1. Going by the structure shown, is Gln43 open to solvent by 30 Å² or more (accessible area, probe 1.4 Å), over 11 Å from Tyr78 (Cα atoms), touching a residue at least 60 places away in the same chain (Cβ under 8 Å) and not β-branched (Val, Ile, Thr)?
2. Taking the options Ser69, Ser61, name whichever one is touching a Phe, Trp or Tyr at 6+ places or on another chain (Cβ under 7 Å), open to solvent by 30 Å² or more (accessible area, probe 1.4 Å) and more than 16 Å from Trp105 (Cβ to Cβ).
3. Cβ-Cβ below 6 Å, separation at least six or inter-chain, first residue in region 46-68 and at negative phi, second assigned to a loop (DSSP other than H, G, I, E, B) and open to solvent by less than 30 Å² (accessible area, probe 1.4 Å): which pairs?
4. Can you tell me how many residues within region 26-39 are over 19 Å from Phe66 (Cβ atoms), surrounded by fewer than 20 Cβ atoms within 10 Å (Cβ to Cβ) and in contact (Cβ under 8 Å) with a residue 40 or more places away in the chain?
5. Every residue in region 55-95 that is among the aliphatic types (A, V, I, L, M) and farther than 14 Å from Trp35 by Cα, please.
6. With respect to the numbered conditions (1) open to solvent by less than 60 Å² (accessible area, probe 1.4 Å); (2) assigned to a strand (DSSP E or B); (3) not aliphatic (A, V, I, L, M), which one is the sole condition not fulfilled by Gly15?
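The values are calculated or read from the model by the stated rules, or taken from the named source; none is laboratory data. Note that the structure is a prediction, hence the values are computed from the model and not measured. Please note: Cβ atoms are built from the backbone with ideal geometry, for glycine as well, and neighbour counts cover all protein chains shown. We work out accessible area using only protein heavy atoms, side chains counted, and drop any ligands, DNA or RNA first. Shrake-Rupley method; radii C 1.70, N 1.55, O 1.52, S 1.80 Å.
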Amino acid sequence: VQLQASGGGLVQPGGSLGLSCAASGSIFSINIMGWYRQAPGKQRDLVATITRAGSRNYADSVKGRFTISRDNAKNTVYLQMNSLKPEDTAVYYCNSKTYGEISSWGQGTLVTVSS
């Protein structure tokens, strides 16, 4: 599975931004797709995941502000980020996991929340 992320950039606090990630390759083997993020000097943490069936999971820090969605026909996962805070600044990574628990990562995309 190959993942190609897009979106990201600079946004002011309180603003919104969207990310997308398209999968290619062995797409029918993908169960879970999601987003993780890594701030400078910190570990990579879960942001949100969504299963093929549409079950969602969010980190507590983004609940109510971020929304993950998925278009299985387009093999694409989206992350809509609202009410962004400076602490949301990080490199965001797209991830997929197959039914066989094989994980793949996309290239990171930088999100900077700053005035």
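1. Numbers: open to solvent by 30 Å² or more (accessible area, probe 1.4 Å): yes; over 11 Å from Tyr78 (Cα atoms): yes; touching a residue at least 60 places away in the same chain (Cβ under 8 Å): no; not β-branched (Val, Ile, Thr): yes.
No: the conditions fail for Gln43.
2. Details: Ser61 fails: touching a Phe, Trp or Tyr at 6+ places or on another chain (Cβ under 7 Å).
Unique residue meeting the criteria: Ser69.
3. Leu46/Ala59; Val47/Ala59
4. Total meeting the criteria: 4.
5. Listed by number, the residues that qualify are Ala73, Leu84.
6. For Gly15, the exception is condition (2).
For every residue, the table says whether it meets (1) exposed (fewer than 15 other Cβ atoms within 10 Å of the Cβ); (2) of a type in the set (Gly, Ala, Ser); (3) not in a loop (DSSP other than H, G, I, E, B).
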site	(1), (2), (3)
Val47	no, no, yes
Gly54	yes, yes, no
Ala73	yes, yes, no
Tyr78	no, no, yes
Lys97	no, no, yes
Gln107	yes, no, no
